[in-house]
Amino acid sequence: MTNKKHHVTNTASPRMLKHKWYLYMTEFFSGMSVMAVELGASRLLAPYFSSSQIVWTIIIGTIMIAMALGNIYGGKSADKNPNPDRLYARIIFAALWIAAIPFLGKFVILGISALLVVTVNTNFLIWAAFITCMVVFVFPLFLLGTVTPSLVKYTVDSLDDSGKTVGTLGAFNTIGSIIGTFVPTFISIPAVGTAATFLIFSGILLVLGIAYFIYGKSGKVRCIVSAVVFGAFSMLSTQLGFAFWERRLLYEGESTYNYLQVKEDDNKTYLSTNVLFGVQSVYVKDGSLTGMYYDYAMAAPLMSGSVDKEKDMLILGMGTGTYAKQCINYLWNISAEGVEIDEKIIDLSRKYFDLPEEVKVTAYDGRAFLSVSDKKYDVIMVDAYQDITIPFQMSSVEFFTMVKKHLKDGGVMVVNMNMRSDNSDGINSRLADTISEVFDNVYTIDVEHSTNRELFASNASDILYIFRKNIETLENDTLYSMMRTVSENLSEYRSEGNILTDDKAPVELLGMNVIDDIIEEELVYYKQKFKEDGIKGLLK
């Protein structure tokens, strides 16, 4: 049997194909860019749709679809017309599309969200994230999916070395993918942001394509136009923030974990880690109560012993320290410390939220902190649940057992559950059932004018008696009134036995169901306006 070499018909750049290292580098940078775009996609969507496992599943699924279709098309195209000009033209087009994503992608997200407001009744976030991924990310990754089968056509000279050549291509792709995974997460996104990360990797692809045509002395106009378009998107993308409609932002940036924005009005300063849902921390400039769940949670120190007793407090999910500051300002003998996984939030808490330097904050995961700490506390506040992004490792019976071990005798745990639901099988009920498996006494109260629910848990049987006794010693009228409201509306919780464990804690799906109900309720007004006045009604 005679092995015949496969020849390509390209006449535009015959010299480039003689340098296999360039083809291998094409595979390397293509694999690197695919992973960078995937990670960038998660950061682009997170401020609008959360960074839950559900959203990650949608991102990975749609990208896999795009790559699979690209593989099929790339192989057929290379067999039918083995001209590498076509491949490198596709790479340039993919590069320009990716460069446009930080700018145009945000308008697409808002447009899709506005359309779904008046067209869907359930699973709003799932549909919005899925359609966004299909519109924004599928096509450029489809084009990048054509790279590997095309390069196989150009690099395999004979059947004798086909296995080695394909294996080398695969290795270059894998190594590139590894680098494309680590660089955005640990270097580019924290240092220069998501938009710049898209531009960096799209720029690499663009240079790869332009170099091919320049070396082949062809496509000069294409190269010039591509460079101009890339430059335009580079300027536009870096100027447009995630919340580009906001005009009073003190700060907008990104960390390893979050998109972050700080804004203020005459009375308060706010921290948000997304742009569609809620506020994560608030600073009241005149020192008064926030009117939010932090006020209700201040009952916990009053449940954990005499008001004259010096108390140690730990906040897991410190944020900018709103709860710690309120307890220190309004109560006495409180020593507070916190754990916050995002070091950038800790920096913002000192700069914009007036968190005292004497309040120690450790940049660490809350559960990991408990596993290495021996200290016990009078109060432990668990405030690590953000919309549907609920860390499963901080929602299980094993986690709450660790919390219990770090409480002193008579100590109290308070948990902020930020998606109220009356469903007996919903996320809040599952959390309360799980906590009831660990603690003997569990009480809950709904926070007025919000979707938050506060839960207080202790093994001490007299926490309500202590709480009501301590209320009468309060000298601040505002705090006294607030604590009376809490006392009168606390309800003892009765478990139905639905326990979350480290092995089984479907918090994302449970949270998605609740937030879907919340969104549906909020959208009733807008749907009615659209029905009555059309688009003009929504714009008003």
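The values are calculated or read from the model by the stated rules, or taken from the named source; none is laboratory data. Computed from a predicted model, the values in this text were never measured in an experiment. Positions of Cβ are generated from backbone atoms using ideal geometry, with glycine treated the same way; all protein chains shown enter the neighbour counts.
Numerical summary
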{"read-out": "Residues satisfying the stated conditions in the stretch 181-218, i.e. in a loop (DSSP other than H, G, I, E, B) and either closer than 19 Å to residue 91 by Cβ or over 25 Å from the mean Cα position of the chain (by Cα) (or both)", "value": "216, 217, 218"}
{"read-out": "Close pairs from the stretch 205-217: first under 16 Å from residue 21 (Cβ atoms) and free of Cβ contacts under 8 Å to residues at least 12 places away in the same chain, partner part of a helix (DSSP H, G or I) and small (Gly, Ala, Ser), Cβ under 9 Å, at least 6 apart", "value": "207/95"}
{"read-out": "Residues located in the stretch 316-333, provided they are over 29 Å from the mean Cα position of the chain (by Cα) and either hydroxyl-bearing (Ser, Thr, Tyr) or within 11 Å of residue 359 (Cα to Cα) (or both)", "value": "328, 330"}
{"read-out": "Members of the stretch 432-453 that are part of a loop (DSSP other than H, G, I, E, B), of a type outside the set (A, V, I, L, M) and buried (at least 18 other Cβ atoms within 10 Å of the Cβ)", "value": "439, 451, 452"}
{"read-out": "Out of 453, 430, 468, sole residue that is of a type in the set (Lys, Arg), touching a residue at least 24 places away in the same chain (Cβ under 8 Å) and farther than 15 Å from residue 414 by Cβ", "value": "430"}
{"read-out": "Candidate set from the stretch 131-164 (those that are without any contact (Cβ under 8 Å) to a residue 24 or more places away in the chain and assigned to a helix (DSSP H, G or I)); member that is nearest to residue 104 (Cα to Cα)", "value": "131"}
{"read-out": "Test: residue 102 is closer than 21 Å to residue 256 by Cα and of a type outside the set (A, V, I, L, M, F, W, C)", "value": "yes"}
{"read-out": "Check on residue 116, over 25 Å from residue 35 (Cβ atoms), surrounded by fewer than 20 Cβ atoms within 10 Å (Cβ to Cβ) and out of contact with any helix residue (DSSP H, G or I) (no Cβ under 6 Å at 6 or more places or on another chain)", "value": "no"}
{"read-out": "Residue match in the stretch 454-470 (condition: among the β-branched types (Val, Ile, Thr) and over 30 Å from residue 46 (Cα atoms))", "value": "yes"}
{"read-out": "Test: residue in the stretch 415-431 that is among the β-branched types (Val, Ile, Thr), modelled with pLDDT under 95 and not in a strand (DSSP E or B)", "value": "yes"}
{"read-out": "Top-ranked residue in the stretch 446-486 [being of a type in the set (Val, Ile, Thr) and under 28 Å from the mean Cα position of the chain (by Cα); ranked as nearest to residue 404 (Cα to Cα)]", "value": "447"}
{"read-out": "Search result, residues across the stretch 348-373 that are surrounded by 15 or more Cβ atoms within 10 Å (Cβ to Cβ) and out of contact with any helix residue (DSSP H, G or I) (no Cβ under 7 Å at 6 or more places or on another chain)", "value": "348, 349, 350, 352, 353, 364, 365, 369, 373"}
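So that you can scan it fast, the table gives a plain yes or no per residue for (1) within 19 Å of residue 72 (Cα to Cα); (2) surrounded by 22 or more Cβ atoms within 10 Å (Cβ to Cβ):
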residue	(1), (2)
144	yes, yes
151	yes, yes
178	no, no
198	no, yes
201	no, yes
211	no, no
